[in-house]
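Enquirer: Would you mind keeping the following structure in view while I ask a few things?
The values are calculated or read from the model by the stated rules, or taken from the named source; none is laboratory data. Computed from a predicted structure; not experimentally measured. All Cβ positions, even for glycine, are placed from backbone atoms using ideal geometry, and neighbour counts span all protein chains on display. Protein only, heavy atoms only, side chains kept; ligands, DNA and RNA dropped before computing areas. Shrake-Rupley method; radii C 1.70, N 1.55, O 1.52, S 1.80 Å.
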Amino acid sequence: MLIKWITCKVTENQKQSFSHAQAKWRSLEDIKGFLGQVGGWNQHQPLEACILTVWESREHYQSFMEKDHDPIFHQTGQSQTYEAISVQLFSKLTDSDDRQLLDGLESAQVLRVVCGSENNVLAKAGAEPGGIVGQSLKDSQQYIAATLWNNDQLAPTGDAQAYTVALEQTWRVVKKGDHK
């Protein structure tokens, strides 16, 4: 499984345009190997958009990047809606319950992400349902832990190295059907 973590810095004037463009990524649900995508605004930095995408495999993701990404990106008009972008790719490490993760992608209201060194990330990751831990494809010393929370749950806060993201329903895209 491949995890894609995207952060975008926007200006106050770009925030609405970015949100509108991000809502146009619906066609992802038809791409082979795509599992789900959620995103929203970082609660600690309101001008930072955060997006988590999950793919069945690196090969599916690479095929998407070669064939489908640019046409969708240009169709959304998103290139003019942010000042800076960071994209990181991770390979899933944990033997977590994929069904819980996929359920979380469909229904969660809050995303919490911790990025950093192995000790930092794994110590803060815990064994939350609807979560995933991955190792960077670019730097084997970097990790990610992402957990998805429902409205009635209290996502942990207060960690300066963590992202707490209130998920935007219009940004949510989830592959329909059974997943293995």
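Enquirer: What per residue convex hull volume, in Å³, do the alpha-carbon atoms of segment 1-95 yield? Write down the numbers at each step before the final one.
Expert: Details: hull volume 9.3 nm³, N = 95.
Convex hull volume per residue, Cα atoms: 98 Å³.
Enquirer: Further question: Taking only C-alpha pairs under 8 Å that are 6+ residues apart, what is the relative contact order of segment 29-97 in percent?
Expert: On the way: 44 pairs, mean separation 15.7, N = 69.
Worked out over segment 29-97, it gives 23 percent.
Enquirer: At 1.4 Å probe size, with every protein chain present, just tell me what the per residue accessible area of the chain comes to in Å². Intermediate values should be presented prior to the final figure.
Expert: Working: 9160 Å² over 180 residues.
On a per-residue basis, the chain sits at 51 Å².
Enquirer: Determine the order of Arg26, Arg172 by accessible area, beginning with the largest, at a probe radius of 1.4 Å.
Expert: On the way: Arg26 95, Arg172 15 Å².
From most accessible down to least: Arg26, Arg172.
Enquirer: From the alpha carbon gyration tensor of segment 54-95, can you work out the equivalent ellipsoid semi-axes (sqrt of 5 times each eigenvalue) and give them in Å, largest to smallest?
Expert: Numbers: eigenvalues 114, 45, 10 Å².
Those come to 24, 15, 7 Å.
Enquirer: Along Cα→Cβ, 7 Å out, is where each label goes; now give me the distance between the ones at Glu83 and Arg26 in nm to one decimal.
Expert: Computed distance between label sites Glu83 and Arg26 equals 3.2 nm.
Enquirer: How large is the charge dipole for segment 1-147, taken about the Cα centre, if only the Cβ atoms of Lys, Arg (+1) and Asp, Glu (-1) carry charge, to the nearest 20 debye? Please report the intermediate quantities before stating the final value.
Expert: On the way: 13 positive and 18 negative charges, 53 e Å.
It works out to roughly 260 debye.
Enquirer: Additional query: Just the number, please: Stokes-Einstein D of the chain in µm²/s, Kirkwood Rh from C-alpha pairs, 20 °C, 1.002 mPa s.
Expert: Working: Rh = 16.3 Å.
Diffusion coefficient, whole number: 131 µm²/s.
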